[in-house]
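Laboratory data are not the source of any read-out in this text; all were calculated from the coordinates shown. Please read these numbers as outputs of a predicted model, since none were measured by experiment. In this analysis, Cβ positions are derived from the backbone assuming ideal geometry, glycine residues included, and neighbour counts consider all displayed protein chains.
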Amino acid sequence: MRATVLCFSGLDPSGGAGLQADIEAIGQSGAHAAIACTALTVQNSQQVFGFEATSKELLLAQAHAVVGDLPIKAIKSGMLGTTDNIAALAEFLREHPEYKYVLDPVLVANSGGSLGDQATLVKAFVELIPLADIITPNTVELRALTGLDDLDAATQKLFEMGAKAVLVKGGHEDTPDYIRNALFVNGKLISETRCPRLAGEYHGSGCSLASFIAGRLAQGDSVKVAVHHAETWLFGVLKQAETPVEGGQKIPKRF
Ligand code: PLP
């Protein structure tokens, strides 16, 4: 059976982000996706109306049900929703140091809607940071996680907090013509990419990128190679993204 990525992520009814993005991206990476669902959100391509988080007992029960049943090689987390769920994931990861782990530190939806209490989530993420093989913050999340505005200082602070590798995604920076992503390993910049900025807003681009990276890590790629493959793939699926309704964020066409 294909190498499996177990995702801790939430349901987005629009199918743009969350666990559906994970399943589609991981499938495209060549791996199989399994899901421990962290929350049911109520949202569309335009806004988040609310969510109900899974209890930590139910979350861990879902994860434990597939351990030993599927060839899990990597874990990916997206929306976790509550500090209890973050603590449960940390407990699970400590039980399974053999798994690669991609931490996408989701705090808010791209549409701006809340996916949990930001201040408490930020504090709880501190426990997950040293457990991750790679963390994939956008610059808003990077600043929120570290409390620092300067991006270089914030990146170095994440390493002081125990990070091993950090992909800083520049989509929220004021660079009208391009987006710059920078990959740091052990505090050092090891690669950077610039791609033309595509028009519009996208729903689930971060989930897709992190999941594709996890899929490649599960199949044995190094962090650098996994990120390279994921960025190339993501640019293609964003170029062909579909607009559901005027004013809605575009939904990546992942196949
Ligand atoms: N996870 C869930 C369940 C979501 O609903 C969202 C955004 O709406 C995200 C994660 C983050 O999405 P993005 O990849 O757009 O940052």
Once normalised by the length of the chain, the mean sequence separation of its alpha carbon contacts under 8 Å that are 6 or more apart gives a contact order in percent of 21 percent
Report relative contact order for the range 1-69 in percent, whole number only (criteria: Cα-Cα under 8 Å, sequence separation at least 6). 30 percent
Identify the GluC sites (Glu not before Pro) of the range 69-127 meeting these criteria: DSSP loop state and at most 14 other C-beta atoms within 10 Å of the C-beta. E98
Apply the Karplus curve 6.51 cos²θ - 1.76 cosθ + 1.60, θ = phi - 60°, to the phi angles in the range 249-254 and return the couplings in whole Hz, x for Gly and Pro. 6, 6, 9, x, 9, 7
Taking every other residue with Cβ under 9 Å from the Cβ of A33 and scoring Lys and Arg +1, Asp and Glu -1, one gets -1
Rg to Rh, two decimals, where the chain supplies the alpha carbon set and Rh follows Kirkwood: 0.93
Treating every alpha carbon of the range 1-100 as one equal point scatterer without solvent, the Debye formula yields log10 I(q)/I(0) values at q = 0.11, 0.14, 0.16, 0.20 Å⁻¹ of -0.31, -0.50, -0.65, -0.98
Contact order normalised by residue count of the range 30-166, Cα under 8 Å, 6+ apart, percent: 20 percent
Gain upon complete extension [D152, V42; 0.36 nm per residue less C-alpha separation]: 36.0 nm
Beyond 21 Å (Cα-Cα) in this structure, taken from K76/K123; K56/K250; K73/K164; K164/K253, we find K56/K250; K164/K253
Ranking of V102, V122 by count of other Cβ atoms within 10 Å, fewest first: V122, V102
DSSP-loop GluC sites (Glu not before Pro) across the range 177-253, with at most 10 other Cβ within 10 angstrom: E246
With +1 on each Lys and Arg Cβ and -1 on each Asp and Glu Cβ, and nothing else charged, work out how big the dipole of the range 109-255 is about its Cα centre, in Debye to the nearest 20. 440 debye
